[in-house]
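Everything on this sheet refers to the single structure shown next.
The values are calculated or read from the model by the stated rules, or taken from the named source; none is laboratory data. These numbers were taken from a predicted model, which means no experiment stands behind them. No Cβ is skipped: glycine too gets one built from the backbone with ideal geometry, and neighbour counts run over all protein chains shown. With ligands, DNA and RNA removed, areas are computed over all heavy atoms of the protein, side chains included. Shrake-Rupley method; radii C 1.70, N 1.55, O 1.52, S 1.80 Å.
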Amino acid sequence: MKKNVIIIFVSIIVVILVLSSLVVFASNGKQELTLEEKVTQEIKYIDNYLVSMLGDFNGLHIGSFLKEDNSSEWQFDSLQDSQKSNSNNQSSNSENNSAGNSGKSSKNEEESQSKDHLINNKPNSKETQNGVLANQGKYDTKWETIQTQIENLYQSWNTISIDLNALNVDGKSILAFNDYLNSSTQSIKKKDKKAAMEEIAKLYQLLPKYSEDYKSNSKETNILEIKNAVVTAYVYVSNEDWASAKKQLSGAITQFTSLLNSVGQNFQNQTLVNQCYILVNELNKAIGLQDREIFFIQYQNLMGKMDII
């Protein structure tokens, strides 16, 4: 009888220990995003948002994989859902791997697969039919879409600005976004294409500054600086200011060369990085030709790839 009691008691202890271990292991697997990681994703969101919006001023189809076809609505909530999903995926990966670094390895594999999917994802027939050359030099601005986008940006920015402030990002630059957002809205209301694009470009110029404040001299910050030069050049080309556009592209090429020399093989997809470098140089050639159609074609190709390097 005593022997049976002891066996039962030991069994209970073993079960409790096993369950406790599983709870602790599962808790460790749920790696919630740090504030810095969250802000990095939020800046990327604004980056994609502004690039797409600027594309709509010339009827260009940029960043299509981030929004539904025929929709001008960008869901900021989807970014937060994505963050939760990433956390759950990391937890699942941890449970299926015994090695300490398995979660990190699985995350890298998922990111690589996601990037490969985007790289190999061919444009649909609708995008091809609505290509740059099909516009025949007419760059119709999608004012209704842009009006919806700028209005939705206010709501997203309210959340993002709080997180930036929590990371001690310069307060003046955060307030500057609000000012440029208001001036962008006023120009859009007037349907002043030139002024609106210039004001939205000022919004984009703040992104590398934010990144620099909490992630100085990082690969992400350097890429944002290059994209900023390219986006600014695109705005100049839209307004046929070829000299200013060339100056921006020259700066982008110098920055890109420096980036390649400093990080080398640290990119997960070096081939894609090399393609982006070539496309930046091709943009510069298009400026030399003063051909907006060629520039817009190369710009669309470049921005789709820059987003995933």
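Based on what the data block shows, is Ile287 outside any loop (DSSP other than H, G, I, E, B) and open to solvent by less than 20 Å² (accessible area, probe 1.4 Å)? For Ile287, the condition - outside any loop (DSSP other than H, G, I, E, B) and open to solvent by less than 20 Å² (accessible area, probe 1.4 Å) - is met.
Could we say that Asn301 is farther than 30 Å from Ile162 by Cα, open to solvent by 40 Å² or more (accessible area, probe 1.4 Å) and in a helix (DSSP H, G or I) here?
yes
Return the pairs, sorted by first residue and then second, in which the second residue is open to solvent by less than 60 Å² (accessible area, probe 1.4 Å) and at pLDDT 95 or above, the first residue lies in the range 271-290 and is on the phi > 0 side of the Ramachandran plot, the beta carbons are less than 8 Å apart, and the residues are 6+ apart or on different chains. Once the first residue is on the phi > 0 side of the Ramachandran plot and sits in the range 271-290, its partners that are open to solvent by less than 60 Å² (accessible area, probe 1.4 Å) and at pLDDT 95 or above give Gln290/Trp242. Of the candidates Ser262, Ser218, Ser258, Ser211, the single residue that is closer than 26 Å to Glu37 by Cα, open to solvent by less than 10 Å² (accessible area, probe 1.4 Å) and either touching a residue at least 40 places away in the same chain (Cβ under 8 Å) or of a type outside the set (Val, Ile, Thr) (or both) is Ser211. Condition check: crowded, with 18+ Cβ neighbours inside 10 Å and among the polar types (S, T, N, Q). Does Gln248 satisfy that? Spelling it out, Gln248 is indeed crowded, with 18+ Cβ neighbours inside 10 Å and among the polar types (S, T, N, Q). Scanning the range 183-208 for residues that are open to solvent by less than 10 Å² (accessible area, probe 1.4 Å) and in contact (Cβ under 8 Å) with a residue 40 or more places away in the chain, which turns out farthest from the chain's Cα centre (by Cα)? The extreme case among them is Ile188. Filtering the range 55-63 for residues that are open to solvent by 70 Å² or more (accessible area, probe 1.4 Å), closer than 25 Å to Tyr214 by Cβ, out of contact with any strand residue (DSSP E or B) (no Cβ under 8 Å at 6 or more places or on another chain) and modelled with pLDDT under 95 leaves an empty set. Among residues of the range 151-176 that are open to solvent by 70 Å² or more (accessible area, probe 1.4 Å), none has a Cβ under 8 angstrom from a residue that is part of a loop (DSSP other than H, G, I, E, B) and at pLDDT 95 or above at a sequence gap of 6+ or on a separate chain. Evaluate the range 294-301: report whether one residue or more is of a type outside the set (Lys, Arg), in contact with a helix residue (DSSP H, G or I) (Cβ under 7 Å, 6 or more places away or on another chain), in contact (Cβ under 8 Å) with a residue 60 or more places away in the chain and closer than 21 Å to Ala201 by Cβ. Yes - at least one qualifying residue is present in the range 294-301. Considering only residues in the range 133-150 that are surrounded by 11 or more Cβ atoms within 10 Å (Cβ to Cβ) and of a type in the set (A, V, I, L, M), the one that is nearest to Glu37 (Cα to Cα) turns out to be Ile150.
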